[in-house]
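I have placed the structure first, in the form of structure tokens, so that the comments after it can refer back to it.
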Ligand code: PLP
């Protein structure tokens, strides 16, 4: 049977060029990663053909004997990786996992309380342009204006004012560790449920390098594709008292048939996340972020009006503060793209610029650590970023770009892979 090169040369070409892009640049978008070959294989498998509405042993379709085993493996691996009583591996994405959690824990119109989007929260934590802000009475808490840290006293005050049914922990753009125990105490004080969205830091939790929200939260959602390094998708772990509500919220509440090829890929990713090699990779991820934060806190950088939010990082990302710099977030993002480093601009809390321009950059290290980067390479990358941002429009693009090219060549990606697995 004809393959994609024959059937659809246009798409085949685009797959090839995207592979080339991923190989040649340095990927520092904090929410991205490179999945292992085994994950690509599971995700590109014949399981894409199978309908499996329902749950293992209770399907609405025949022929589920093998996919039942796949889902059972994925669920039990998720439970053991995160030491959780319950897991649901069917959500197609992080946003859908979150939508299911709202269905399980709240009724439309109920009050929810999450970190404001422009302070590092996620769209699904109650922004007005998202379903979460339209169907629920979405209230927000902000970071502390002096420290830029999530401050339990601010969360508590907001919870006492707003009486939420659900308090949401977790973030998309925040460089520190939150105090889950304090959030639990606040939730108990106001009679709310606590849901933590660990999408960004799930890999660090799996590796034991970040406190786990699982003992404190009623429900924890995540994506599989950020630090965890699995396929693009979501999953939920929770206390078993929520099993029934969450199962029916995911299916039939939120979704139809699960993507069984993606469930298989999640199972592979959960297995790999339990290994020593994965833990070492997460250690390099954290070390890389620390190195970048330190370099971007040096004298030459601060003289250009550039600083690191909160003065450092505990996780896989660094938030760069450009409020006092001649460069705005968009210019800085473009400048780094020209030397071959992909990052994304981001608002910083209390940002004077509009979100489309913004005054921040979010720089992540997970993808480069997956590629094999260690201390020496992260030092080089940190220096290239520092030099480029400090020089601004006078940056020596050609010289920096050739150093980036050399680093990318030193750590080949998907060797031997030709566009599709
Ligand atoms: N939750 C958080 C904290 C995120 O950062 C993201 C992704 O950016 C999501 C949920 C949504 O995940 P997805 O893009 O898979 O819907």
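No value in this document is a laboratory result; all are computed from the given coordinates. Every value quoted in this text rests on a predicted model; they were computed, and no experiment measured them. Note that we place each Cβ from the backbone using ideal geometry, even for glycine, and neighbour counts take in every protein chain shown.
The table for this structure:
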quantity	calculated
Selected residue (criterion: nearest to the ligand (Cβ to nearest atom)) from residues of region 181-230 that are assigned to a helix (DSSP H, G or I) and under 23 Å from residue 96 (Cα atoms)	202
Matching residues, region 138-151, being buried (at least 17 other Cβ atoms within 10 Å of the Cβ) and free of Cβ contacts under 8 Å to residues at least 60 places away in the same chain	138, 139, 140, 141, 150, 151
Meets criteria (away from the ligand (no atom under 12 Å from the Cβ) and part of a helix (DSSP H, G or I)) for residue 261	yes
Hits in region 162-180 - residues which are crowded, with 19+ Cβ neighbours inside 10 Å and assigned to a loop (DSSP other than H, G, I, E, B)	164, 165, 171, 172, 173, 174, 175, 176, 178
Within region 302-320, tally of residues that are surrounded by fewer than 21 Cβ atoms within 10 Å (Cβ to Cβ) and closer than 20 Å to residue 393 by Cα	5
Inter-residue pairs, beta-carbon under 6 Å, first more than 23 Å from residue 199 (Cα to Cα) and in region 54-83, second part of a strand (DSSP E or B), 6+ apart	60/54
Close pairs (9 angstrom Cβ cut-off, 6 or more residues apart or separate chains): at positive phi in region 90-114, more than 9 Å from the ligand (Cβ to nearest atom) and in a helix (DSSP H, G or I) anywhere	109/135
Matching residues, region 87-102, being away from the ligand (no atom under 11 Å from the Cβ) and touching a helix residue (DSSP H, G or I) at 6+ places or on another chain (Cβ under 6 Å)	87, 88, 89, 90, 100
Region 105-117, subset within 16 Å of the ligand (Cβ to nearest atom) and buried (at least 19 other Cβ atoms within 10 Å of the Cβ), residue nearest to residue 353 (Cα to Cα)	117
Boolean, residue 387 is without any contact (Cβ under 8 Å) to a residue 24 or more places away in the chain and closer than 14 Å to residue 332 by Cα	yes
